[in-house]
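The values are calculated or read from the model by the stated rules, or taken from the named source; none is laboratory data. Values in this document were obtained by computation on a predicted structure and should not be read as measured data. Neighbour counts run over all protein chains shown; Cβ positions are idealised from the backbone, glycine included. The protein model used for the area step is the full one, side chains on, heavy atoms only, and it has no ligands, DNA or RNA in it. Shrake-Rupley method; radii C 1.70, N 1.55, O 1.52, S 1.80 Å.
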Amino acid sequence: VNGVPWVPRGVQIVGLVAPQGSLSGKYLAANQHYSPSELGKAASDGADVIRFQVSEFGLDPQNQLYSPAYVQEVESAVQSARSQGLAVIISLQAEPPAGEPTRCPLPDAGAERVWQELAPVYAGDPGVMFELYNEPAVSATALGWQEWLVGGEVTNGAGTCVAVGMQQLIDDIRAAGAN
């Protein structure tokens, strides 16, 4: 921060990993426990960053799980953390806890739409960081890394999907004014 190395101390919040109707098990319990006071407790214990796991499916306006209430819940959580002086990492999730049993192993058009929505909201806030796609699955080959970078048709155990590539997400985010 301001030219001084920053060693983050933080916590991960999993209670926002999916919209209300899609939460189950420990994620439902985490959601019921989550509140702005939980963030304050983390800060008083020395945390300076909060990593929110959020659902690609609940934030993608074209997905059946999309929920304006969920979008507001995520935005309120980020605002609350920032108002308490905490940095925030928004971690886009597409694993089963995010509400869908299968996913593309790399970011797809849904992930791109989410970042096209979220990036402009937080573009001017240097205290909000973006984790573009949590746990991408890529083969450790030249082709796998090319798919990771620029996308393309990807086949996995669940079938085939079209990935957009990390570079496209970065380009979209930069186009929204986030740096």
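Observations on the structure shown:
- Nitroxide proxy distance, nm - points 7 Å out along Cα→Cβ at residue 156 and residue 72: 3.3 nm
- Charge-dipole axis of the chain as Lys and Arg at +1 and Asp and Glu at -1 on Cβ define it, positive-most pick from 31, 65, 179: 31
- Restricted to Cα atoms, the chain shows a radius of gyration and a Dmax of 16.4, 46 angstrom.
- Using C-alpha pairs under 8 Å with a sequence gap of at least 6, the mean separation divided by the residue count of the chain gives a relative contact order of 20 percent.
- Cα centroid separation - segment 92-119 against segment 156-179, whole Å: 10 Å
- Normalised per residue, the accessible area of the chain is 50 Å², obtained with a 1.4 Å probe and no contribution from ligands, DNA or RNA.
- Take each peptide in 132-140, 162-170, count the other Cβ atoms within 10 Å of every residue, and average; sorted highest first, the result is 162-170, 132-140.
- Surface share of carbon and sulfur [accessible, 1.4 angstrom probe, percent] for the chain: 54 percent
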